[in-house]
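Notes to accompany the following structure.
Where a number appears in this text, it was derived from the coordinates with a stated rule and is not lab data. None of these values were measured; they are calculated from a predicted model. Methodologically, a virtual Cβ is constructed for each residue, glycine included, from the backbone with ideal geometry; neighbour enumeration extends over all protein chains shown.
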Amino acid sequence: MDPTFWRERWRNQEIGFHQPDFHALLQEHWPRLALPQGSPVFVPLCGKSLDMVWLAQQGHRVIGAELSELAVDSFFSERGLAPAMRQAGGFTIKSAGPYELWCGDVFEMPREAAGDVAGVYDRAALIALPPPLQGRYATKLKEIVPAAAPILLVTLDYDQSQMSGPPFATPRRQVHDLFADDYACTELASRQVLEGHPHFKQRGLTALEECAFLLRRK
Ligand SMILES: C[S@@+](CC[C@H](N)C(=O)[O-])C[C@H]1O[C@@H](n2cnc3c(N)ncnc32)[C@H](O)[C@@H]1O
């Protein structure tokens, strides 16, 4: 998507994707990654997700990437944190406590930004991107994240003819096509979640499946 699209969504507070609670699949399945205590983790396209708070509560340092400076500023102000700011490689990096959020385009992120992360949490990042960009995103992740770092990936799937994205329908086959060359892809969970998303129902969806995958480098 055009960066303007997302910045406008944040400016207009059209952020229906933002969840008021920690994500159930994160809490349930993150332990499967078995990451070292205190290790840094990467949250691409992080928005102002509360899941970053949950990850920090598990003892992780959280490195996020987000286009919208408004989202990043909201994340810190809602925690009562005043971040320090620095510039690197065209990014504004805001950090406070266990959080280091890189404001800018994830596709421009330098390798050193996520060079020491032990794991990745992707909820509503891959699926926020149109299918032609998803391949670029998968390639970028493989490039900047250490090979040893597993990924917990949460996707949505639905009949794309019933609604336009984002979120974009991302079937299992697509996850496999994007990652299986390099990663063992294990499906951890799948559940029907349309009832929890009445706005999608109003837009014409008749079914919505959420899936969690564990991706581990082969
Ligand atoms: C669907 S939202 C999901 C946010 C977050 N993961 C969550 O679960 O609430 C997608 C986010 O990605 C950001 N975004 C979109 N394209 C991006 C890009 N190329 N680089 C960095 N962030 C991007 C948007 O501003 C938006 O906040």
*Find the Rg to Rh ratio for the range 1-92, where Rh is the Kirkwood radius over alpha-carbon pairs and Rg uses the same atoms.*
0.97
*How many percent of all Cα-Cα pairs in the range 154-218 sit more than 18 Å apart?*
38 percent
*Which net charge results when you count Lys and Arg as +1 and Asp and Glu as -1 among the other residues whose beta-carbon is under 15 Å from that of M52?*
-2
*Under the classification rounded if a/c is under 1.5, otherwise prolate if a/b is larger than b/c and oblate if not, where does the range 100-218 fall, given a ≥ b ≥ c as square roots of the Cα gyration tensor eigenvalues?*
prolate
_Restricting to bridges with both residues inside the range 92-218, how much of the DSSP beta-bridge set is antiparallel, in percent to the nearest 5?_
85 percent
*May I have the count of lysine pairs in the chain with C-alpha atoms under 25 Å apart, counting pairs 8 or more residues apart or located on different chains?*
8
*Counting Lys +1, Arg +1, Asp -1, Glu -1, what net charge surrounds K218 among other residues with beta carbon under 15 Å of its beta carbon?*
+1
*What number in nm² do you get for the range 94-148 if you take the convex hull of its Cα atoms and divide its surface by four?*
4.2 nm²
*Which whole-number percentage describes the relative contact order of the range 8-97, with Cα contacts under 8 Å and a sequence gap of 6 or more?*
23 percent
*Report the far tail of the P(r) of the chain, meaning the percent of Cα-Cα pairs longer than 31 Å.*
14 percent
*Which whole-number percentage describes the relative contact order of the range 105-218, with Cα contacts under 8 Å and a sequence gap of 6 or more?*
30 percent
_Reciprocal mean inverse distance between Cα atoms of the range 1-49 - Kirkwood radius, Å_ = 13.4 Å
*Using per-residue counts of other Cβ atoms within 10 Å, averaged over each peptide, order 180-192, 61-73, 148-160 from highest down.*
61-73, 148-160, 180-192
_Length-normalised contact order for the chain - Cα pairs under 8 Å, 6+ apart - percent_ = 17 percent
_Antiparallel bridges, percent of DSSP beta bridges restricted to the range 1-153 (to nearest 5)_ = 40 percent
